[in-house]
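Worksheet for the structure shown next.
The numbers here are math on the coordinates, done by the rules we state, and not lab data. All values reported here derive from a predicted model rather than from experimental measurement. Because the Cβ atoms are built from the backbone with ideal geometry, glycine has one as well, and the counts that use them run over all protein chains shown.
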């Protein structure tokens with residue numbers, strides 16, 4: 001298959017997808033009824049209207065949880081590709097991952113020392 005044929009197929013699939021989405025949207029607008037309700041555009045919590053404003057500040061204690069989550073999330077994001085190339089790279093990849101995990105472990109120890117893992 002030539003490049004031009006592949007691009008034509010891609011364009012056809014894109015146009016077909018956009019056409020399907022627009023036709024489903026138009027069908028839903030034609031069939032469904034739209035009712036104007038006063039509380040329709042107000043943020044809701046579990047089916048009831050929220051008393052507090054939407055833009056509230058979070059307590060500073062949650063930032064420690066967020067940083068620990070990001071540390072372990074990054075660990076997993078780098079572990080999967082590393083596992084794929086480990087056989088090709090050998091000992092160098094093992095040492096690199098060891099250094100990476102040691103740095104993350106130091107971050108975990110710091111969070112632990114600051115009380116981020118304490119139940120509150």
Say a paramagnetic label sat at a point 7 Å from the Cα of residue 85, along Cα to Cβ; which residues of the stretch 96-113 have their backbone N under 18 Å from it? 96-101
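For the chain, take the alpha-carbon Rg, divide it by the Kirkwood Rh, and send me Rg/Rh. Please list the in-between numbers first.
Numbers: Rg = 25.7 Å, Rh = 21.1 Å.
That ratio equals 1.22.
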In nm², what is the average projected area of the convex hull enclosing the Cα atoms of the stretch 61-113? 3.5 nm²
Using only DSSP helix segments of four residues or longer, with each worth -39500 (n - 2.57), what per-residue ellipticity at 222 nm results for the chain after dividing by its residue count and rounding to 500? -24000 deg cm²/dmol
Mean-square fluctuation check for the chain, GNM, Cα pairs under 10 Å: which of 20, 104, 91 is largest? 20
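May I ask you to derive the FRET efficiency for residue 13 and residue 34 from their Cβ-Cβ distance with R0 = 30 Å, giving the value to the nearest 0.05?
For R0 = 30 Å, the calculated efficiency reads 0.40.
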